[in-house]
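Enquirer: One structure is given below, represented as structure tokens, and several questions about it will come after.
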Amino acid sequence: MAGETPPIVELAEWFQTPSGQYVLAWERAQFDEQVADVFGFQAWQVGLPGIDLLRANRIPFKAVVGSEIAAADAGVTWRNGVAALPEALPFESQSVDLLVLPHVFECTDSPHQVLREVERVLMPEGRVVISGFNPWSLWGARNLMPGMEAWLPRPVSSQVSPLRMKDWLKLMSFDVDVTRLGCYAPPCRTDLWLRRWSFLETQGRRLWAMGGAVYVMSATKRVAAMRLIGPAWKKKRQHARAASVVMHRDKA
């Protein structure tokens, strides 16, 4: 529809609200931890160019890709950037060591195609780090309440639960290394009330682990090792034994 705000832009604007800043602070800490020990030659962030989620990584080439790559509003300066859709990443197969996808699966109508592209472009043993809203949280439940203003920038129907994301990754031969959920405070519009509910960050993980409003998941691409099988006749030759020879000596 003409004039409709693209989902990724709507999401970037939501991150400027108190609730968005609350989520962003938690996600930054998780991304920093997950990308810090990833090495290689190329690291790409897909979407949200106004937020640098590769800042803790030491790979020499770091860049952003997305339909919107301007980041002047947040003061983030990317040395390299490519305008493209996550469903069609403009990279060679098996050429990227690290991909971070903040809320990309909620901003696309083809999440399976995005995941296929992730699998295609990552090197064997390459890492992908994904974040998303949890539809099973209090925040997701509020979006479903009739007559109330939508709380999250995208409808619950477009969100991928952490368990479903884990299943998708396993089907694509990824090993899920880490899954973290956070932001257990109820949906509040002000910093004051978000701080008052801060004690739930600890209690929530203990009492309702799957109730965090957002999750961050890290997975590694695994490629089955190739085993060379030699010709069958070589095996037979190796196992063949010389016939036993019985020596009979007549006594003089």
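Here, each number is a calculation from the coordinates, and none is a lab measurement. Computed from a prediction, not measured in an experiment: that's the story for all the values here. All Cβ positions, glycine included, derive from the backbone under ideal geometry; neighbour counts span all protein chains shown.
Enquirer: Go ahead and run the numbers for FRET between Arg206 and Ala25, Cβ-Cβ distance against an R0 of 22 Å, rounding to 0.05.
Expert: Numbers: r = 21 Å, r/R0 = 0.95.
For Arg206 and Ala25, the calculated efficiency is 0.60.
Enquirer: Given the Cα-Cα distance of Ala224 and Ser198 and 0.36 nm per residue of separation, how much length would full extension add, in nm? Walk me through the intermediate numbers first.
Expert: Numbers: separation 26, 0.36 × 26 = 9.36 nm, distance 4.41 nm.
Contour length minus Cα-Cα distance gives 4.9 nm.
Enquirer: A follow-up question, please. When a footprinting reagent is the concern and you count Cβ atoms within 10 Å, what order do Ser137, Ser218 take, fewest first? Don't skip to the answer; put the middle values down first.
Expert: On the way: Ser137 27, Ser218 23.
Ranking Ser137, Ser218 by Cβ neighbours within 10 Å, fewest first, gives Ser218, Ser137.
Enquirer: Only counting other Cβ atoms within 10 Å, I'd like Leu101, Leu207 sorted with the fewest neighbours first.
Expert: On the way: Leu101 24, Leu207 10.
Listing Leu101, Leu207 from fewest to most nearby Cβ atoms yields Leu207, Leu101.
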